[in-house]
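Visitor: Below are the structure tokens for one structure; questions will follow.
The values are calculated or read from the model by the stated rules, or taken from the named source; none is laboratory data. Just so it is clear, the model here is predicted, and its values are computed rather than measured. Note: ideal-geometry Cβ built from the backbone for every residue, glycine included; neighbour counts use all protein chains shown. Just so you know, the surface numbers come from the protein's heavy atoms only, side chains and all, with ligands and any DNA or RNA stripped out. Shrake-Rupley method; radii C 1.70, N 1.55, O 1.52, S 1.80 Å.
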Amino acid sequence: MTLPDPLTRHPIPGWKGTAFLKAIVDNPLIEVGDYSYYDDSRGPEHFVARCVRYHFDFIGDRLIIGKFVAIAQAAQFIMNGANHPMGGFSTFPFGMFGFENAPDYTRENTGFRGDTRIGNDVWIGREAVIMPGVTVGDGAIIGTRAQVARDVPPYAVVVGNPGRVVKMRFAPEIVAELLSIRWWDWEPERIARNIGVIASADIDALRAAV
């Protein structure tokens, strides 16, 4: 048994609206794990332009997306370049536009919040918004149009604006086991042998999978 090639551009036969991100993302500041995909009927190859906003090289923040992440159409990752200086009377970013005598536009004076990190096996719904510096834990679900401005625990379900955790997918002891097992880091052949178990909710079977 084998898994699909994670560099396949269009992995669903007869449908060009879905792409594995590794096949279409070449920005060195964006890291993508195997099998993470973006679905967009307008063309998934525009993921970076449409979904990763205010991502400037001179800021240098990274978007890190784990393995087996599902991203729906028009999800937005707002990067640190969206921030404006707030320490003075004006929030206008004069320095970005070449105004003379303007203070430099730097991480320090714009409230840099760090890299944005999306864990493994995360599902991000249509038009959800992830704000700068947020970490979304493994196995989390981000609902359609949720506005996520704070870190999301592993296996949490987040909805609404502002985004809030409405439930946990599994009991704490199951979450702890899942984070220990980390099936997404198994060798491809082991994953392929155990797809049925991974897609089930039988923690005993997953624990015993070889």
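Visitor: Tell me whether the stretch 11-31 contains one or more residues that are outside any strand (DSSP E or B), of a type in the set (Gly, Ala, Ser), touching a residue at least 60 places away in the same chain (Cβ under 8 Å) and surrounded by 16 or more Cβ atoms within 10 Å (Cβ to Cβ).
Guide: no
Visitor: Here's something else I'd like to know. If only one of Val157, Val152 is buried (at least 16 other Cβ atoms within 10 Å of the Cβ), within 14 Å of the chain's Cα centre (by Cα), under 25 Å from Asp39 (Cα atoms) and aliphatic (A, V, I, L, M), which one is it?
Guide: Result of the check over Val157, Val152: Val152.
Visitor: Let me ask you something else. Out of all the residues in the stretch 178-191, which are farther than 14 Å from Tyr35 by Cβ, out of contact with any Gly (no Cβ under 9 Å at 6 or more places or on another chain), in contact (Cβ under 8 Å) with a residue 12 or more places away in the chain and assigned to a helix (DSSP H, G or I)?
Guide: Ile181, Glu189, Arg190
Visitor: Kindly evaluate Phe47 against the criterion of being on the phi < 0 side of the Ramachandran plot, in contact with a Ser or Thr (Cβ under 8 Å, 6 or more places away or on another chain) and open to solvent by less than 30 Å² (accessible area, probe 1.4 Å).
Guide: no
Visitor: Follow-up question, since we're still on this one. Out of the residues in the stretch 75-88 that are crowded, with 17+ Cβ neighbours inside 10 Å and of a type outside the set (S, T, N, Q), state the one that is farthest from Gly125 (Cα to Cα).
Guide: Ranking the qualifying residues of the stretch 75-88, first place goes to Pro85.
Visitor: Can you list residue pairs whose Cβ atoms sit under 9 Å apart, with the first residue in the stretch 192-207 being part of a loop (DSSP other than H, G, I, E, B) and the second being of a type outside the set (Gly, Ala, Ser) and open to solvent by less than 90 Å² (accessible area, probe 1.4 Å)? Count only pairs 6 or more apart in sequence or on different chains.
Guide: Sorted first by the residue in the stretch 192-207, then by its partner, the pairs are Asn194/Trp183; Asn194/Trp186; Asn194/Leu206; Ser200/Leu206; Ala201/Phe170; Ala201/Ile174.
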